[in-house]
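Chemist: Below you will find the structure I want to go over with you.
The values are calculated or read from the model by the stated rules, or taken from the named source; none is laboratory data. Please read these numbers as outputs of a predicted model, since none were measured by experiment. Here the Cβ is made from the backbone with ideal geometry for all residues, glycine too, and neighbour counts use every protein chain on show.
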Amino acid sequence: QQQVRQSPQSLTVWEGETAILNCSYEDSTFDYFPWYHQFPGESPALLIAIRPVSNKKEDGRFTIFFNKREKKFSLHIADSQPGDSATYFCAASRYNQGKLIFGQGTKLSIKP
Amino acid sequence: EAAVTQSPRNKVAVTGGKVTLSCNQTNNHNNMYWYRQDTGHGLRLIHYSYGAGSTEKGDIPDGYKASRPSQENFSLILELATPSQTSVYFCASGPDTNSDYTFGSGTRLLVI
């Protein structure tokens, strides 16, 4: 049973466009939602995270949009750069439990 | 510099053999985790620990044991390795209060 679902599996956008990666979850007790990115041959690294007290979190070109009612959240990467090409994982956890449940990942390719 | 170090980086094991994957962290985090990464499945939690002497089952614990002898060290043990356990294994550490993991570099395991 997949508690965190991610789509699409792969995504290709042109340099300068906005890439949109989507996630949904089932457990309403989840209250922490990070995104990790992973470059080929490397380990995952935290990119940005949100708690549902807010429906939006920005960090430079990266923005999380959160919809608690629909149990969905998305990562928007504005002005995509070839260096953003990586696999992106969304995840969810319950506060103070620490244990993360990851989505299946989205492989993002940015065409120059 | 605080870090999570995994050993070995690569391992070839024979079916039915015993395999031990090691992880050491200098972050002084209470929580440590073992995940495996497979294409199409993302990162799946095998075992985790809230501190020395404690281990908990994750989402896919069958065929694996874990050991947390100290704050710094967390091992994953495959008593009878099978080809289905061929994967990339990541160890991570994190603080109690949130899920901001620091991942190790990963161990690539091939069971033949």
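Chemist: It is to be established whether one or more residues within the stretch A:90-99 are modelled with pLDDT of 95 or more, surrounded by fewer than 14 Cβ atoms within 10 Å (Cβ to Cβ), not small (Gly, Ala, Ser) and not in a strand (DSSP E or B).
Modeler: No; the residues of the stretch A:90-99 include none that is modelled with pLDDT of 95 or more, surrounded by fewer than 14 Cβ atoms within 10 Å (Cβ to Cβ), not small (Gly, Ala, Ser) and not in a strand (DSSP E or B).
Chemist: Taking A:Thr87, is it part of a strand (DSSP E or B), out of contact with any Phe, Trp or Tyr (no Cβ under 9 Å at 6 or more places or on another chain) and buried (at least 17 other Cβ atoms within 10 Å of the Cβ)?
Modeler: No.
Chemist: Does A:Ser43 satisfy being touching a Lys or Arg at 6+ places or on another chain (Cβ under 6 Å), within 14 Å of chain B (Cβ to nearest Cβ) and not basic (Lys, Arg)?
Modeler: No; evaluated as a whole, the condition is false for this residue.
Chemist: Also, I was wondering about something else. Might you check whether a residue that is within 14 Å of chain A (Cβ to nearest Cβ), more than 24 Å from A:Pro34 (Cα to Cα) and among the hydrophobic types (A, V, I, L, M, F, W, C) occurs anywhere in the stretch B:29-37?
Modeler: no
Chemist: Further question: Consider A:Pro52 against the criteria (1) assigned to a loop (DSSP other than H, G, I, E, B); (2) buried (at least 18 other Cβ atoms within 10 Å of the Cβ); (3) touching a Lys or Arg at 6+ places or on another chain (Cβ under 6 Å); (4) not charged (D, E, K, R): it satisfies all of them except one. Which criterion is unmet?
Modeler: Going through the list (1) assigned to a loop (DSSP other than H, G, I, E, B); (2) buried (at least 18 other Cβ atoms within 10 Å of the Cβ); (3) touching a Lys or Arg at 6+ places or on another chain (Cβ under 6 Å); (4) not charged (D, E, K, R), A:Pro52 breaks only (2).
Chemist: List the residue pairs whose Cβ atoms are under 6 Å apart, where the first residue sits in the stretch B:40-64 and is more than 8 Å from chain A (Cβ to nearest Cβ), the second is crowded, with 16+ Cβ neighbours inside 10 Å and among the small types (Gly, Ala, Ser), and the two are 6 or more positions apart or on different chains.
Modeler: Short answer, once both residue conditions are applied: B:Ile46/B:Gly58; B:His47/B:Gly58; B:His47/B:Ala66; B:Thr55/B:Ser49; B:Thr55/B:Ala66.
Chemist: Out of (1) farther than 30 Å from B:Gly51 by Cβ; (2) aromatic (Phe, Trp, Tyr); (3) surrounded by fewer than 21 Cβ atoms within 10 Å (Cβ to Cβ), what's the single condition that is false for A:Phe73?
Modeler: Single failed check for A:Phe73: (3).
Chemist: Right, another one. Please verify whether B:Gly17 is on the phi > 0 side of the Ramachandran plot and either within 13 Å of the chain's Cα centre (by Cα) or at pLDDT 95 or above (or both), treating the condition exactly as stated.
Modeler: no
Chemist: Checking the structure you have, find out if any residue of the stretch B:77-91 is acidic (Asp, Glu), assigned to a loop (DSSP other than H, G, I, E, B) and in contact with a His (Cβ under 9 Å, 6 or more places away or on another chain).
Modeler: No; the residues of the stretch B:77-91 include none that is acidic (Asp, Glu), assigned to a loop (DSSP other than H, G, I, E, B) and in contact with a His (Cβ under 9 Å, 6 or more places away or on another chain).
Chemist: What's the number of the only condition in (1) crowded, with 18+ Cβ neighbours inside 10 Å; (2) farther than 20 Å from B:Val88 by Cα that A:His37 fails to meet?
Modeler: (2)
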